[in-house]
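Here's the structure we're looking at; comments come further down.
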Amino acid sequence: VTTSNLIDGKQTAEDIKVEIAAAVAALKATGQKVPHLAAILVGHDGGSETYVRNKVLACERVGYESTLLRFEDNITEAELLAKVAELNENPAVDGFIVQLPLPKHIDADKVIEAIRPEKDVDGFHPMNLGRMVAGLPALLPATPSGIVELLTRQGIKTSGKHAVVIGRSNIVGTPVSILLAKNLETANCTVTLCHSRTKNLAEICRTADIVVAAIGRPEFVTADMVSPGAVVIDVGTTRVPDATKKSGFALKGDVNFAEVAPLASAITPVPGGVGPMTIAMLLLNTLRAAKGEIY
Ligand code: GUN
């Protein structure tokens, strides 16, 4: 396996965090308050615990204030909506997220819609999604904008290229397909959005200059689906049991890395690819919200 074609998301995210830390220092120097991100975590899902911990640590890294609000699985929807309302009204909090997934008895769409769009630093609120589609200033979802930012900073040319997105989730597949098609500096792609009902998926993928795998199925993308020279972005983060790991599990991407990496002109690893970019973009959204740059 070659490593020269590896896209280092971890380093790119570090670069962004250094830039954010400088912006925070500039705010402080002019007597302004530092950005404040709050996170709501419900229950004890292992993945969510890790993601939220990393988000709080990233806040410390760049000099933000952060608040973690933890609740047990048995919190009611009404109680959670009341917490969201409190954060909406709290002038000390610039932006907040509700970590997903939520327990089944809570309607996640209802919770997301309750967040003030100006503080919706995940970019999940329909107002932000709609503004993104319309090309208006918006808080953009972190993973999709992180993918575009990663392509930009790697100097990967996207204009006129065929991007094939696999997976149509609200969090990644659908919004990244929209961003990649837009008339932005790093975009202007011709986009095909594939999903579980797509016929001839392998054939369509082979026509891609850029493959974005966001289906949540470990090692779904195999060598026969990728054209030599394609750029491969792996968004998968499935936890599979692995006794050789201290944590007891390994993080598996949606791409069979060993097979696909030798073919690709550039490829993101898991971990260390898209994941760290998601957190960097969340911090960037929080800075924009704090500065009132969007609304
Ligand atoms: N679950 C998976 N990805 C995300 C994310 O980006 N934000 C939140 N809040 N929950 C998630």
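A Förster distance of 35 Å, applied to the separation of the beta-carbon atoms of HIS44 and GLN154, puts the FRET efficiency at 0.45. Karplus-based coupling profile of region 157-164, in residue order and whole Hz: 6, 10, 4, x, 7, 8, 9, 10, with θ = phi - 60° in 6.51 cos²θ - 1.76 cosθ + 1.60 and x standing for Gly or Pro. For the chain, adding -39500 (n - 2.57) for each run of n ≥ 4 DSSP H residues and dividing by the number of residues yields -12000 deg cm²/dmol at 222 nm. Taking LEU69, LEU284, LEU263 as the candidate residues, the one with maximal mean-square fluctuation in a Gaussian network model of the chain, Cα springs under 10 Å, is LEU69. Using θ = phi - 60° in the Karplus curve 6.51 cos²θ - 1.76 cosθ + 1.60, the 3J(HN,Hα) couplings for region 51-67 round to 4, 5, 4, 5, 5, 5, 4, 5, 4, 4, 4, 9, x, 7, 7, 9, 9 Hz; x is entered for Gly and Pro. Exposure proxy for ASP94, ASP242: other Cβ atoms within 10 Å of each Cβ, ordered fewest to most, give ASP242, ASP94. Ellipsoid semi-axes for the chain, based on the Cα gyration tensor and the rule √(5λ), read 31, 22, 19 Å when sorted largest first. Count charges around ALA266 for me, please; just the other residues with Cβ under 13 Å from its Cβ, Lys/Arg as +1, Asp/Glu as -1. Overall, the nearby charge balance is 0. Across q = 0.09 Å⁻¹, region 142-276 modelled as identical point scatterers on its alpha-carbon atoms has Debye log10 I(q)/I(0) values of -0.23, in the order of the q list. The percentage of C-alpha pairs in region 26-178 whose separation is greater than 24 Å is 40%. Size descriptors for region 31-119: radius of gyration and Dmax over Cα atoms are 13.1, 44 Å. Of all lysines in the structure, those lying under 18 Å Cα to Cα from LYS119, and not within fewer than 8 positions of it along the same chain, are LYS33, LYS55, LYS83, LYS110, LYS291.
In this structure, the amide hydrogen of CYS189, modeled 1.01 Å from its nitrogen in the peptide plane, lies closer than 5 angstrom to those of GLY160, ALA181, LYS182, counting only residues at least 5 positions away or on a different chain.
Each of the peptides 100-113, 35-48 was scored by the mean count of other Cβ atoms within 10 Å over its residues; in descending order, highest first, they stand as 35-48, 100-113.
Every number here is computed from the coordinates shown, using simple stated rules; none is lab data. Computed from a prediction, not measured in an experiment: that's the story for all the values here. Note that we place each Cβ from the backbone using ideal geometry, even for glycine, and neighbour counts take in every protein chain shown.
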